[in-house]
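Reviewing the structure listed below.
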């Protein structure tokens with residue numbers, strides 16, 4: 001890519017299925033973890049907390065002027081790997097390669113940006129090769145003022161039509177940024193909205209294989225962050241649209257489990273605002289397995305957005321297979337090491353009856369003389 005950009009994109013476009021796992025998940029996660037030690041030169045633009053007050057000037061230093069799309073991160077929640085600080089630059093770089101390879105956007109019109117406000121990752125702070133600010137993350141007013149200056153400068157420098165994609169921000173900032181700027185800028189949050197659109201498409205397609213309509217399903221999520229609540233809301237909206245019923249009613253078919261157990265109404269006082277719509281009337285349930293088995297829930301679709309690997313255990317998958325002839329199991333957390341289960345585990349533990357898709361790719365699985373090729377629901381998100 002650094003030596004011959006035209007040849008790089010020719011190779012990528014002609015071999016897109018083979019090379020996407022290298023350009024993006026799962027390899028991009030490993031690249032971000034090692035970014036400091038493999039760094040040879042900036043592929044995107046870094047905006048540091050120390051440049052507050054001069055962000056417009058920094059943007060004008062970028063050699064390309066006709067920018068159409070910006071993918072920006074602050075590196076606080078990279079895939080399921082957590083806070084990688086400014087080493088998260090691999091995500092905007094990789095994502096914009098997909099804009100070109102799959103969307104036909106000129107590479108020169110794409111700008112990867114990492115906003116460096118520090119990191120709370122002690123391992124990185126102690127690493128001599130870490131390339132970012134060696135301080136704990138800026139928060140509160142200082143953080144908000146920096147982002148406000150950035151968003152204003154981007155529009156001032158590139159115009160009203162510049163597309164800004166928020167990528168891998170932590171929950172507490174992601175929802176606030178989207179709510180604040182969605183009416184003044186052309187923005188979207190990939191983790192909240194992009195993932196939801198692709199997963200909804202996957203669920204609709206899988207429903208045809210299951211012989212069900214969307215409204216026939218009961219959904220259970222493991223993970224109630226940006227991805228989980230974003231997917232849940234879009235599914236509820238689509239169910240509402242199809243059934244012509246209020247979205248408040250269709251939300252009752254969707255249950256979420258977070259680190260403290262099933263989200264229920266008795267927990268409302270302690271829940272973050274984006275979890276409140278999913279706090280249904282039910283007694284507390286601590287474990288995922290118990291939620292899967294519970295008579296009042298009995299999900300037909302199990303979706304993992306937890307960022308915690310191997311949480312869809314043998315017992316959980318077997319319970320899904322007991323309750324459903326064809327259970328739909330979506331283990332969406334990235335990279336592969338964080339996937340809730342593997343394709344082989346899903347097919348083996350369900351005796352070949354599961355419909356399975358994942359966030360990172362898995363090889364075909366042989367089971368009882370049949371080859372199962374799983375889908376990749378989050379391929380581009």
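Helix 140-158 sits at what angle to the longest principal axis of the chain, using alpha carbons and giving 0 to 90 degrees rounded to 10?
Tilt relative to the chain: about 70 degrees.
How many angstrom separate the Cα center of the range 18-73 from the Cα center of the range 155-187?
That distance is 17 Å.
Taking only C-alpha pairs under 8 Å that are 6+ residues apart, what is the relative contact order of the range 5-184 in percent?
Over the range 5-184, the number comes to 28 percent.
Arrange the following residues from fewest to most other Cβ atoms within 10 Å of their Cβ: 273, 185, 217.
273, 185, 217
Taking Cα pairs under 8 Å and at least six residues apart, what relative contact order does the chain come out at, in percent?
About 13 percent, as a whole number.
Just want the ordering: 1, 210, from fewest to most Cβ atoms lying within 10 Å of their own Cβ.
Least crowded to most crowded, the residues run 1, 210.
Per DSSP H run of at least 4 residues, take -39500 (n - 2.57); add these up for the chain, divide by its residues and hand me the 222 nm value, nearest 500 deg cm²/dmol.
The helix-only estimate for the chain comes to -11000 deg cm²/dmol at 222 nm.
In nanometres, what is the gap between the two model label sites at residue 287 and residue 105, each 7 Å from Cα along Cα-to-Cβ?
That separation, rounded to one decimal, is 4.5 nm.
What do you get for the angle between helix 314-323 and the principal long axis of the chain? Use alpha-carbon atoms, 0 to 90 degrees, nearest ten.
Compared with the principal axis, the helix lies near 50 degrees.
From the Cα gyration tensor of the range 5-184, with a ≥ b ≥ c the square roots of its eigenvalues, which class applies: rounded if a/c is under 1.5, or else prolate if a/b is larger than b/c, or else oblate?
In terms of gyration-tensor shape, oblate.
At R0 = 35 Å, how high is the FRET efficiency between residue 5 and residue 212 if r is their beta carbon distance? Nearest 0.05 is fine.
The computed FRET efficiency comes out at 0.15.
Could you give the distance between the Cα centres of the range 99-132 and the range 258-309, to the whole Å?
That distance is 33 Å.
Percent antiparallel among DSSP beta bridges with both residues in the chain, to the nearest 5?
15
What is the angle, in °, between the Cα long axis of helix 5-14 and the longest principal axis of the Cα atoms in the chain? Nearest 10 is fine, range 0 to 90.
The two axes meet at around 20 degrees.
What's the exposure ranking of 256, 237, 12, going from fewest to most Cβ atoms within 10 Å?
Placing the least packed residue first, the sequence is 237, 12, 256.
FYI, it's all coordinate maths here, none of it is from the lab. Everything numeric in this text was worked out from a predicted model, so none of it was measured. Heads up, the Cβs are rebuilt from the backbone with ideal geometry, glycines too, and the neighbour counts pull from every protein chain shown.
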